[in-house]
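Engineer: Okay, handing you the structure first.
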Amino acid sequence: MSVGVASAVAYTMDFLEEQPQITGFHPLCGSAEEIISLNHPN
């Protein structure tokens, strides 16, 4: 299991260091509750 976790962490770190440009991605600002309410209004 430790090898799998180490592999996943290494992959994630490589991905984050590259800072890829993802077309159509716009980060959301706000708390988790605010973001959830955008997709699931009461």
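Engineer: On C-alpha positions alone, give me the angle between the axis of helix 2-18 and the longest principal axis of the chain, in degrees, nearest 10.
Structural biologist: It is inclined by approximately 60 degrees.
Engineer: So how long is each side of the chain along the principal axes, counting just the alpha-carbon atoms, biggest first, in Å?
Structural biologist: 43, 27, 14
Engineer: Using a 1.4 Å probe on the protein chains only, how many percent of the accessible area of the chain belongs to carbon and sulfur?
Structural biologist: C and S atoms contribute 63 percent here.
Engineer: Glu33 versus Val5, label points 7 Å from Cα toward the beta carbon: distance in nm?
Structural biologist: Placing both labels 7 Å along Cα→Cβ, they lie 3.2 nm apart.
Engineer: With a probe of 1.4 Å, find how much accessible area the chain has per residue, and write the answer as a whole number in Å².
Structural biologist: I get 102 Å² per residue for the chain.
The values are calculated or read from the model by the stated rules, or taken from the named source; none is laboratory data. All figures in this text were calculated on a predicted structure; none of them were measured in a lab. As a convention, Cβ positions derive from the backbone with ideal geometry for all residues, glycine included, and neighbour counts pool all protein chains shown. All accessible areas refer to the heavy atoms of the entire protein, side chains included, with ligands and DNA or RNA removed. Shrake-Rupley method; radii C 1.70, N 1.55, O 1.52, S 1.80 Å.
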